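Chemist: I have a structure here, written as structure tokens, and I will follow up with some questions on it.
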Amino acid sequence: MDYITVDVFENTGIVKTICTRKSSLASEGSWKYGEQGAQENYEELGKLFGISPTDIVRARQVHSAEVRIVTKAENGGDGILREADEYDGLITNEKDLLLCTLEADCVPVFLLDPVRKVIGMVHSGWKGTAQKISVQAVQLMKENFGSNPKDILAAMGPCICENCYEVSDDLIDPFLENYSKRELARFFRKSPVREDKYFLDLAEAIRIALKKEGVKEDNISAPEYCTFHAGIFPSYRKEKDMAGRMLTGIMLTE
Ligand SMILES: [Zn+2]
């Protein structure tokens, strides 16, 4: 399996992470449940993390701002990979339970509270980012596990960058529901050449939202790769319906 890890998280010694890269293998990149090769891929993923595939939980994403707490008892153990319904974010404080989301340009947001030992995996496309799904996750970590936002580490995995993500102006209103105009000006940049077009910086919007929630700026890591222009991760914008998906995952090991 071809992948990168989130090093700032791995360095804590209490989690393992993964972001799968594109690969020439036919079944690789196919993570969609029921698709050819998907089951084999999840089995290989389980081996890589030293767990049974029954302890892999994947969000069944619907571009919502819904985050759910998952447990082995509830979400593992039925003999196959179990998907969490209608959620775009997963949280747990249990060891050896791998939380996964899929992306192709959307932002995977990894969360870790090393003090309370709580992790989160969030899929944040423009809809989820407009609705501040990462903040929902942090709030759940606070309410259910006593996490202090000051302790929380956040990292954004490969996603489309601010120079590649051109959007139309009708995306502005959904963001204005949760961000001020001043904040918006920091992540919507008017296209210099195309009328009514903007460049949207999803990572900056997420950073602003997390900081406002009390996560320290120094604890928020920016994406290292753009899925659109780097060419080594799936990009929906670039590959359209041919695009595979990047699987992103996090698991507590200690
Ligand atoms: Zn780019």
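Chemist: For Gln139 and Lys211 in one chain, what is 0.36 nm times their gap in residues minus the Cα-Cα distance, to one decimal in nm? Please report the intermediate quantities before stating the final value.
Modeler: Details: separation 72, 0.36 × 72 = 25.92 nm, distance 1.28 nm.
Taking Gln139 through Lys211 to full extension adds about 24.6 nm, to one decimal.
Chemist: Now a separate question. How far apart, in nm, are the 7 Å Cα→Cβ label points at Lys127 and Glu239?
Modeler: Reported label-point gap for Lys127 and Glu239 is 2.2 nm.
Chemist: With Cβ to Cβ distances under 13 Å as the rule, what net charge do the other residues near Arg237 carry (K, R +1; D, E -1)?
Modeler: Details: positive: Lys238, Lys240; negative: Glu103, Asp105, Glu166, Glu239, Asp241.
Computed value for this residue: -3.
Chemist: In region 158-238, which chymotrypsin sites (Phe, Trp or Tyr not before Pro) fall in coil by DSSP and have 14 or fewer other Cβ atoms within 10 Å?
Modeler: Details: sites: Tyr165, Phe175, Tyr179, Phe187, Phe188, Tyr198, Phe199, Tyr225, Phe228, Tyr236; in loops: Tyr165, Tyr179, Tyr225.
Within region 158-238, no chymotrypsin sites (Phe, Trp or Tyr not before Pro) qualify (loop, at most 14 other Cβ atoms within 10 Å).
Chemist: Do any of Lys16/Lys117; Lys16/Lys47; Lys32/Lys240; Lys72/Lys95; Lys32/Lys127; Lys16/Lys238 go past 18 Å between their Cα atoms, and which? Don't skip to the end; give the middle numbers.
Modeler: Details: Lys16/Lys117 13 Å; Lys16/Lys47 13 Å; Lys32/Lys240 16 Å; Lys72/Lys95 9 Å; Lys32/Lys127 21 Å; Lys16/Lys238 29 Å.
Lys32/Lys127; Lys16/Lys238, as the Cα separations exceed 18 Å there.
Chemist: Rolling a 1.4 angstrom probe over the protein chains, ignoring ligands and nucleic acids, what is the accessible area of Lys142 in square angstrom, nearest 10?
Modeler: 80
Chemist: Also, quick follow-up: Once fully extended, how much extra length lies between Arg189 and Lys32, figured as 0.36 nm per residue of separation less the alpha-carbon to alpha-carbon distance? Numbers along the way, then the final one.
Modeler: Working: separation 157, 0.36 × 157 = 56.52 nm, distance 3.36 nm.
Full extension from Arg189 to Lys32 adds 53.2 nm.
Chemist: Check the chain for me: any Cys whose beta-carbon has no other cysteine beta-carbon within less than 4.7 Å?
Modeler: So far as the 4.7 Å Cβ criterion goes, Cys19, Cys100, Cys106, Cys159, Cys164 stand without a partner in the chain.
Chemist: Students sometimes get this wrong: rank Ile119, Ile51 by accessible area, probe 1.4 Å, all chains present, largest first.
Modeler: Putting Ile119, Ile51 in descending order of accessible area: Ile51, Ile119.
Chemist: If each of Ile232 and Glu162 carries a label point 7 Å out from its Cα toward its Cβ, how far apart are those two points in nm?
Modeler: For Ile232 paired with Glu162, the spin-label model returns 2.3 nm.
Chemist: Per the helix-only calculation at 222 nm, which mean residue ellipticity applies to the chain, given -39500 (n - 2.57) for every DSSP H run of n ≥ 4 and division by its residues, nearest 500 deg cm²/dmol?
Modeler: Values: 10 runs with 69 residues, N = 254.
Result for the chain: -6500 deg cm²/dmol, rounded to the nearest 500.
Chemist: To check you understand DSSP bridge types, tell me what percent of the beta bridges within the chain (both residues inside) are antiparallel, rounded to 5.
Modeler: Numbers: 33 of 46 bridges.
So the antiparallel bridges amount to about 70 percent of the total.
Chemist: When the chain is treated as a GNM, springs tying every alpha-carbon pair under 10 Å, which of Thr12, Thr54, Thr20 comes out with the largest mean-square fluctuation?
Modeler: Highest fluctuation of the listed residues: Thr12.
Chemist: I'd like the accessible area for His63, computed on protein heavy atoms only with a 1.4 Å probe and all protein chains in place. Round to 10 Å², please.
Modeler: 80
The values are calculated or read from the model by the stated rules, or taken from the named source; none is laboratory data. For clarity, every value in this text was computed on a predicted model and none was experimentally measured. Glycine also receives a Cβ, built like all others from the backbone with ideal geometry; neighbour counts cover every protein chain displayed. With ligands, DNA and RNA removed, areas are computed over all heavy atoms of the protein, side chains included. Shrake-Rupley method; radii C 1.70, N 1.55, O 1.52, S 1.80 Å.
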